[in-house]
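One structure below.
The values are calculated or read from the model by the stated rules, or taken from the named source; none is laboratory data. Note that the structure is a prediction, hence the values are computed from the model and not measured. Note that we place each Cβ from the backbone using ideal geometry, even for glycine, and neighbour counts take in every protein chain shown. Heads up: the accessible areas ignore ligands, DNA and RNA and are worked out on the full protein's heavy atoms, side chains in. Shrake-Rupley method; radii C 1.70, N 1.55, O 1.52, S 1.80 Å.
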Amino acid sequence: MGLDLKIVGDACLTEPSIPIEDITKDIIDLSERMKVKMVEWGGIGLAAPQVGHNIRLIVMRLSTGQIQEMINPRISWTSEDRKTSEEGCLSIPKKFMWINRPEQVRVKFQTSEGKFKYWCLNKMDARVLLHEYDHLDGILMTERL
């Protein structure tokens, strides 16, 4: 079963996502399909609302090249140091905007195996996480201008 990319104007992109209660086979399958589609579509991050599922799940390619799923990510801290950089969004095709975001972020999440991870992400990894995290809250980058 394929995934369709939702484009700006679709209601699911502006609705808050609900936490994932149980990491089921369906959730694991969805995260794996999202990883494949993210790469196919040329992205470095993808949130479940972008494929029509308003649940708290993101996938992202880290600067190391590793692709990681994050189930129920929760940001616990962002740095005061900020940087303005150009961002794009798969759900807003061919549009790039200069967005100011924190340079570091701490995040807690679960993997598809149910393990809890606590990471501190920097620079581009932090930016990608914050962008995808916004999607989980129904926020598009156009609202960050």
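Structure above, values below:
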item	result
Mean accessible surface per residue for the chain, computed with a 1.4 Å probe while every protein chain stays in place, in Å²	53 Å²
Computed Rg/Rh of the chain, alpha carbon atoms with Kirkwood Rh	0.93
Residue list for region 60-78, given a label point 7 angstrom along the Cα-to-Cβ vector of PHE116 and an amide N cut-off under 17 Å	70-77
Among GLY43, GLY52, GLY114: highest mean-square fluctuation, GNM of the chain, C-alpha pairs under 10 Å	GLY114
Nearby aspartates and glutamates by direct alpha-carbon distance to LYS115 (threshold 15 angstrom, same-chain neighbours under 8 apart not counted)	GLU21, ASP22, GLU69
Cα-based shape type of region 28-108, given that a ≥ b ≥ c are square roots of the gyration tensor eigenvalues and the cut on a/c is 1.5	oblate
Local net charge near ASN54, Cβ-Cβ under 13 Å (Lys/Arg +1, Asp/Glu -1)	-1
Full-stretch length increase - THR14, GLU40 - with 0.36 nm per residue and alpha-carbon distance subtracted	7.0 nm
Within straight-line cross-link reach of LYS83, lysines at Cα separation under 20 Å, skipping those fewer than 8 residues along the same chain	LYS95, LYS123
